[in-house]
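*Asks:* Structure below; questions to follow.
The values are calculated or read from the model by the stated rules, or taken from the named source; none is laboratory data. Bear in mind the structure is a predicted one, so any value in this text is a computation, not a measurement. All Cβ positions, even for glycine, are placed from backbone atoms using ideal geometry, and neighbour counts span all protein chains on display. Side chains included, ligands, DNA and RNA excluded: accessible areas come from the protein's heavy atoms. Shrake-Rupley method; radii C 1.70, N 1.55, O 1.52, S 1.80 Å.
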Amino acid sequence: QLQAFGGGLVQAGGSLRLPCAASRIIFTSYSMGWFRQGPGKQREYVARITTGGMTNYADSVKGRFTISRDNAKNTVYLQMNSLKPEDTAVYYCNAEPVVGKVYWGQGTLVTVSS
């Protein structure tokens with residue numbers, strides 16, 4: 001139901017935009033989030049956008065990453081600027097309803113070279 005893509009190799013200081021397309025869910029009923037898992041690390045929260053468009057970010061990405069959603073396209077985006085090597089991770093999107101099943105997409109790998 002969720003497919004994230006757009007990962008790749010980028011130099012430190014560069015930018016990437018990750019889209020995550022949703023299907024077979026009522027997209028407007030879900031808050032959408034991004035998480036990441038770096039090498040040898042646990043999965044960690046990155047950002048969330050609610051059904052009403054309110055956003056929240058982890059301190060580690062605040063001011064550099066922007067989450068947005070296009071309800072017409074059933075897609076959530078993560079714009080990543082000023083990337084750092086420590087941002088290297090597999091990035092996952094998720095969809096959370098108020099009540100009910102949480103969906104996860106497959107990850108997309110982002111590698112930031114120094």
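*Asks:* Using the Cα centre of the chain as the reference point, and only Cβ charges (+1 on K/R, -1 on D/E), how large is the resulting charge dipole? Debye, rounded to the nearest 20.
*Replies:* My answer is approximately 120 debye.
*Asks:* Set the Förster radius R0 to 30 Å, insert the Cβ-Cβ distance between residue 3 and residue 59 as r into 1/(1 + (r/R0)^6), and round the FRET efficiency to 0.05.
*Replies:* The value I calculate is 0.60.
*Asks:* Return the sequence-ordered ³J(HN,Hα) values of the stretch 59-72 in whole Hz as given by the Karplus equation 6.51 cos²θ - 1.76 cosθ + 1.60 applied to θ = phi - 60°, using x for Gly and Pro.
*Replies:* These are the phi-based 3J(HN,Hα) values: 4, 5, 10, 4, x, 10, 10, 9, 9, 8, 9, 10, 5, 5 Hz.
*Asks:* Report the gain in length on full extension from residue 113 to residue 41: 0.36 nm times residue separation, minus Cα-Cα distance, nm rounded to one decimal.
*Replies:* Net length gain for the segment: 24.1 nm.
*Asks:* Now for a different question. Quickly work out the residue 29-to-residue 82 label distance, labels modelled 7 Å from Cα along the C-beta direction, and quote it in nm with one decimal.
*Replies:* 3.9
*Asks:* For residue 62, give me every one of the aspartates and glutamates with a C-alpha distance below 18 angstrom, ignoring sequence neighbours fewer than eight places off in its own chain.
*Replies:* Filter leaves 44, 86, 87.
*Asks:* If you don't mind, there's one more thing I want to ask. Could you work out the relative contact order of the chain, using alpha carbon pairs under 8 angstrom and six or more residues apart, expressed as a whole percent?
*Replies:* For the chain, the relative contact order is 37 percent.
*Asks:* Mind listing P(r) for the chain? All alpha-carbon pairs, 10 Å bins, whole percents.
*Replies:* Using 10 Å bins, I get a P(r) of 15, 50, 28, 6, 0 for the chain.
*Asks:* How much length would be gained if the chain were fully extended between residue 106 and residue 72, taking 0.36 nm per residue of separation minus their Cα-Cα distance, in nm to one decimal?
*Replies:* Values: separation 34, 0.36 × 34 = 12.24 nm, distance 2.19 nm.
Separation in residues times 0.36 nm, less the Cα-Cα distance, equals 10.0 nm.
*Asks:* What accessible area per residue, rounded to a whole number of Å², is obtained for the chain using a probe radius of 1.4 Å?
*Replies:* Details: 5990 Å² over 114 residues.
Here the residues of the chain average 53 Å² of exposed surface.
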